[in-house]
Amino acid sequence: MAEGRQDSRISAGGSVDGTDLPAFTLDWPADPPIPVLLAVPHAGRAYPDELVGQMRRPEYSQLRLEDRHVDRLGREIALATGASLLVAHAPRAMLDLNRAPEDMDWSMVEGQSPAISRNSLANRRSRGGLGLVPRRLAGLGEIWQRPMARAELDRRIAHIHRPYHAELSRSLEALRDRWGAALLVDLHSMPPLKQRHGAQVPAEYVVGDRFGSSCDGMLSARALRYFAQAERPAAHNRPYAGGYVLDRHGSPARGIHAMQLEICRASYLDARLEEPSARAGAVVKIVAGLVRDLAGEVAALGRDRMQPLAAE
């Protein structure tokens, strides 16, 4: 798998406490050829020994929380298209970058009263066990053997969450300033979906745009049309519409569009959904084609957006 490009600058940011690894790396071409940034927030595998020691069943939790090896897909797609690439190395078990800092089950933090949990402004997912720090998984129950210290949570936010989103914002604005518009494609993976309606084939890809609020509807429509032409089953916002990343960074009025793309794990992993299979190359080819297709539309949006400014 590709590790970088000769004409790109790779920079690191944040830190994973308990390791010597950064929280994320950014692969930024010297002269970005397309206005697209790929991001992979859930494939991190930099597990500190202390974190693993606190898990009840580490291998079970890691396999189900990770978007397993989507970072490897992202690197190949970036190499094929010239897109910029932001990859998180901090594992989702440590902190979920697609959750707001307030989306926390405070009852799992030492010394926090139930009143804090009840008054949280954004903890809908945390109540289901998958908040800022995941707490529970189906088939396992509690992930952790003991509560976490508030100081530890604050360090994770300061060293992982805050710098990652600051870099994501800076990178998107840099692309927007150069092209007039920019697109974030937030790459994720999903468990195989179940067949729901008669002979309907379950979606292999799900395009999420927060029900039209995070990117221009034309981009979502073009993505769905692309998958239809490639004869790959795809869905729109169901069952995944995107989360905090799209809410925070998607701003079509400012020329910044954000789309989440879920890829079925069975499409590129082995039967155990653990390691890349021979099918991974086909998924890279499909998604790279999508990125190139959308890049042209985003560039056109940028030109339209910049023309009135030039006229002024």
(message) About the Cα centre, and with charges only on the beta carbon of Lys, Arg (+1) and Asp, Glu (-1), how big is the dipole of the chain? Nearest 20 debye, please.
(response) 820 debye
(message) Just to confirm the number: angle between the C-alpha axis of helix 70-81 and the first principal axis of the chain, 0 to 90 degrees, nearest 10?
(response) 20 degrees
(request) Let me know the whole percent of all Cα-Cα pairs from the chain that are separated by more than 32 Å. (result) 26 percent
(message) Restricting to Cα pairs below 8 Å that are 6+ residues apart, what does the relative contact order work out to for the chain? Please round to a whole percent.
(response) 19 percent
(message) Counting each pair of different Cα atoms once, what's the Kirkwood radius of the stretch 20-86 in Å, rounded to one decimal?
(response) 13.5 Å
(request) Write down the radius of gyration of the stretch 244-309 and its Dmax, each obtained from C-alpha positions, in Å. (result) 16.5, 53
(message) Can you order the peptides 225-236, 17-28 by their average number of other Cβ atoms within 10 Å per residue, highest first?
(response) 17-28, 225-236
(message) Let me check I've understood the local charge: for residue 38, count other residues with C-beta under 11 angstrom from its C-beta, Lys and Arg +1, Asp and Glu -1. What total comes out?
(response) -3
(request) Hey, could you get me the Stokes-Einstein D for the stretch 115-269, Kirkwood radius over alpha-carbon pairs, 25 °C and 0.890 mPa s, rounded to whole µm² s⁻¹? (result) 138 µm²/s
(message) For a protection proxy built on the mean count of beta-carbon atoms within 10 angstrom, sort 67-73, 291-297, 56-62, 44-50 highest first, please.
(response) 67-73, 291-297, 44-50, 56-62
(request) Before anything else, pin down the relative contact order of the stretch 184-312: Cα pairs under 8 Å, at least 6 apart, normalised by residue count, whole percent. (result) 30 percent
(message) With just the Cα atoms defining each centre, how far is the stretch 169-210 from the stretch 16-41? Give it in Å.
(response) 18 Å
(request) Between residue 277 and residue 10, with labels modelled 7 Å along Cα→Cβ, what's the label distance in nm to one decimal, could you check? (result) 2.9 nm
(message) List the residues, sorted by chain then number, that are 5 or more residues from residue 37 or on another chain and whose placed amide H is less than 5 Å from its amide H.
(response) 183, 184, 185
(request) Stick to the Cα atoms of the stretch 174-237, pair each with every other, and give me the Kirkwood hydrodynamic radius in Å at one decimal. (result) 13.4 Å
(message) With +1 assigned to the C-beta of every Lys and Arg and -1 to the C-beta of every Asp and Glu, and no other charges, what is the dipole magnitude of the stretch 167-302 about the Cα centre in debye, to the nearest 20?
(response) 200 debye
(request) Return one number: the angle in degrees, 0 to 90 and rounded to the nearest 10, between the long axis of the Cα atoms of helix 280-311 and the longest principal axis of the Cα atoms of the chain. (result) 60 degrees
(request) Would you mind putting 129-140, 32-43, 270-281 in packing order, based on average other-beta-carbon counts within 10 Å, highest first? (result) 32-43, 129-140, 270-281
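Read the figures in this text as sums done on the coordinates, not as results from a lab. Computed from a predicted structure; not experimentally measured. With ideal geometry, Cβ positions are generated from the backbone for all residues, glycine too; neighbour counts draw on all protein chains shown.
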